[in-house]
Amino acid sequence: MDTAKVQAKILDVLKSAPNGIDEKARKQLFEDCDSSNILTVFNGLLAQGKIEILADEHKNLIYKLKEANLIPGLEKIEDQIVYDHIARSGNQGIWVRDIRTKTNLPMHTLSKILKQLESKKLVKSVKSVLAVKRKVYMLYDVMPDSRVTGGTFYQEQEFDVEFTDLLTQETLKCLTKKAESVAKLETGPLEILTRSFVTISDILKFICRTKIFNVQIKDNDIQKILQCLSFDGKIECSSRVEPSGETVECFRAVAPLISTPSIVRMPCGACPLSEKCSLTGRITPSNCKYFTDWLNLDSNELIQLFFNQNRKMSGAAGPVGRPMKYPYTLSAKIAQFPFKWHVNNQWIWKYYLIGVAVCTPLFYKIQKGANSAANKAKWAESQKKSGH
Ligand code: SF4
């Protein structure tokens with residue numbers, strides 16, 4: 001008899017004997033098995049905490065199944081063994097292949113047991129973010145570890161893009177607000193620079209005050225967001241010594257020296273599906289969200305780019321090159337004066353035109369009435385009467 005079968009037989013026997021079995025009964029029950037193998041299996045079960053050895057009043061050894069292992073509702077010993085392996089995996093869970101390796105059970109039997117355990121709400125399966133299509137099993141009441149669920153940034157094992165974007169925006173807003181508020185201080189630039197740094201706990205307090213998020217955000221979530229912002233060049237990191245003597249990391253928002261050109265932000269350059277993307281088929285730019293978002297965001301810049309490109313290719317006459325960065329000549333000043341902006345943003349332009357449009361017919365009518373022949377005759381008569 002192999003070890004797994006001996007183990008299953010011992011557990012079966014002990015389950016049917018709630019008061020345990022003594023040494024004599026043990027020998028009788030397993031007389032057809034190799035005694036050294038039996039002892040090894042018993043020792044293994046003891047080490048796994050599945051059975052215990054007690055002594056009766058005559059100091060005889062009693063082998064007994066541990067109380068904690070007797071789960072109500074588990075009819076067979078195989079169910080018990082599978083349950084025990086799942087329980088031992090804790091909040092990390094155990095993959096079905098690992099259960100199979102440990103129990104030596106055939107796949108169809110194991111699937112049946114797992115289904116039964118799930119229907120009795122003793123265990124549950126959780127999708128792991130570590131591997132696609134991999135489910136791990138854990139006890140029903142156990143909260144899965146963040147390494148299995150993915151933590152705060154995952155919702156039902158899917159990466160929550162909206163939540164991450166919002167948290168990034170709020171984190172950056174906190175840093176920007178701080179930088180703007182200290183910039184108004186009439187102190188030296190060094191003081192302003194030092195005071196524009198905030199710590200992770202300051203950011204957490206700011207985010208809690210907004211009451212936007214209904215999940216608990218932890219220090220290391222903010223740490224990850226700050227890391228991304230730092231890679232994007234939007235913030236810089238430093239450290240400072242607190243009055244308690246502890247060194248803490250602090251961060252401040254920085255304005256980028258140059259903006260990233262639109263063409264560099266194009267998603268196709270880093271797209272893992274670019275080789276499968278074509279004008280026909282399932283993966284096309286026309287139904288790609290990333291490409292559409294990029295087009296919408298940068299449409300003005302793109303139109304400008306294509307317009308300039310077309311003009312260059314067609315050899316059309318006209319101004320070439322870039323506008324002057326600092327227009328110091330009169331013609332450059334006139335050429336770059338933001339007329340459109342002033343017309344759009346100054347009320348006087350709009351109301352001047354409305355005023356002219358409303359007043360012109362009114363003044364025309366007044367002028368016509370005043371210079372009419374009847375009015376002139378009336379005026380002459382009134383002058384005559386008054387002796388002028
Ligand atoms: S259009 Fe979309 S799917 Fe196609 S290569 Fe660009 S990013 Fe990838």
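Listed by chain and number, the lysines placed with their C-alpha closer than 28 angstrom to that of LYS384 are LYS365, LYS368, LYS376; residues fewer than eight positions away on the same chain are left out. Computed from the Kirkwood radius of its Cα pairs, the Stokes-Einstein diffusion coefficient for the stretch 71-149 at 37 °C and 0.692 mPa s stands at 263 µm²/s. The mean sequence distance of close C-alpha pairs (under 8 Å, at least 6 residues apart), as a share of the length of the chain, puts its relative contact order at 7 percent. Value of Rg to Rh for the stretch 29-69, rounded to two decimals, is 1.01; Kirkwood radius and Rg both from alpha-carbon coordinates. Computed from phi, the 3J(HN,Hα) profile of the stretch 332-343 under the Karplus parametrisation 6.51, -1.76, 1.60 (θ = phi - 60°) reads 5, 5, 5, 4, 9, 5, x, 4, 4, 4, 5, 5 Hz, with x in place of Gly and Pro. Once backbone amide H atoms are built at 1.01 Å from N, TRP95 has TYR137 as its partners under 5 Å, excluding neighbours fewer than 5 places away on the same chain. Only one residue of ILE217, LEU54, ALA270 has its Cα farthest out toward the positive end of the dipole of the chain, where Lys and Arg carry +1 and Asp and Glu -1 on Cβ, and that residue is ALA270. Angle of helix 200-210 to the longest C-alpha principal axis of the chain, folded into 0 to 90 degrees and rounded to 10: 70°. Ranked for footprinting exposure by Cβ neighbours inside 10 Å, fewest first, TRP347, TRP294 give TRP347, TRP294. Relative to the first principal axis of the alpha-carbon coordinates of the chain, what is the inclination of helix 347-370, with its axis defined by its Cα atoms, in degrees from 0 to 90 and to the nearest 10? Value to nearest ten degrees: 30.
May I ask you to derive the relative contact order of the stretch 71-149, considering only C-alpha pairs under 8 Å and at least 6 residues apart, and to give it as an integer percent? Computed over the stretch 71-149, the figure is 34 percent. If R0 is taken as 41 Å, the Cβ-Cβ distance between TYR352 and LYS177 corresponds to a FRET efficiency of 0.60. The charge dipole of the stretch 1-67, taken about its Cα centre with unit charges on the Cβ atoms of Lys, Arg (+1), Asp and Glu (-1) only, comes to about 140 debye.
3J(HN,Hα) couplings calculated from phi for the stretch 213-227 with the Karplus curve 6.51 cos²θ - 1.76 cosθ + 1.60 (θ = phi - 60°) are, in sequence order, 9, 9, 10, 7, 9, 10, 3, 6, 5, 5, 4, 5, 4, 5, 4 Hz; Gly and Pro show x. The magnitude of the dipole of the stretch 158-253, with charges of +1 and -1 set on the Cβ of Lys/Arg and Asp/Glu and taken from the Cα centre, is near 340 debye.
Distances between placed amide hydrogens fall under 5 Å for GLN155 paired with ASP160, all partners being 5 or more residues away or on another chain.
Exposure proxy shown here: for PHE213, PHE251, PHE30, the number of other Cβ atoms within 10 Å sets the order, fewest to most, as PHE213, PHE30, PHE251. Of the cross-linked pairs LYS9/LYS124; LYS102/LYS135; LYS76/LYS121; LYS234/LYS276; LYS127/LYS173; LYS127/LYS224, those separated by over 25 Å at the C-alpha level are LYS9/LYS124; LYS234/LYS276; LYS127/LYS173. As a calculated quantity, the FRET efficiency between CYS228 and THR292 at R0 = 25 Å, using C-beta atoms, amounts to about 0.65. Cross-link candidates for LYS350: which lysines have Cα within less than 20 Å, leaving aside residues fewer than 8 places away along the same chain? Hits, sequence-local ones excluded: LYS340.
Under 5 Å from the amide H of ILE51 lie the amide H atoms of LEU46, LYS66, each residue being 5 or more positions distant or on a separate chain, with H modelled from the backbone and absent for Pro and chain starts.
Each of ARG100, ARG282, ARG240 was scored by other Cβ atoms within 10 Å of its Cβ. Listed from fewest to most, they are ARG282, ARG240, ARG100.
Taking Rh as the Kirkwood radius, which is the inverse of the mean 1/r over Cα pairs, what is the Rg/Rh value for the stretch 1-144? Looking at the stretch 1-144, the ratio lands at 1.02. Computed from the Kirkwood radius of its Cα pairs, the Stokes-Einstein diffusion coefficient for the chain at 20 °C and 1.002 mPa s stands at 69 µm²/s. Net charge dipole, the chain: roughly 2920 debye, given to the nearest 20, about the Cα centre with Cβ charges of +1 for Lys and Arg and -1 for Asp and Glu.
Computed extension length for ALA4-ASP34: 9.4 nm, one decimal, from 0.36 nm per residue of separation with the Cα-Cα distance subtracted. Positive end of the dipole of the chain (Cβ unit charges, origin at the Cα centre): among SER238, ILE354, LEU295, the Cα lying farthest that way belongs to ILE354.
Does anyone have the angle between helix 161-183 and the longest principal axis of the chain? Alpha-carbon axes, 0 to 90°, nearest 10? The helix 161-183 is inclined about 60 degrees to the chain.
Here, each number is a calculation from the coordinates, and none is a lab measurement. Note that this is a predicted model, so its numbers are computed, not measured. Here the Cβ is made from the backbone with ideal geometry for all residues, glycine too, and neighbour counts use every protein chain on show.
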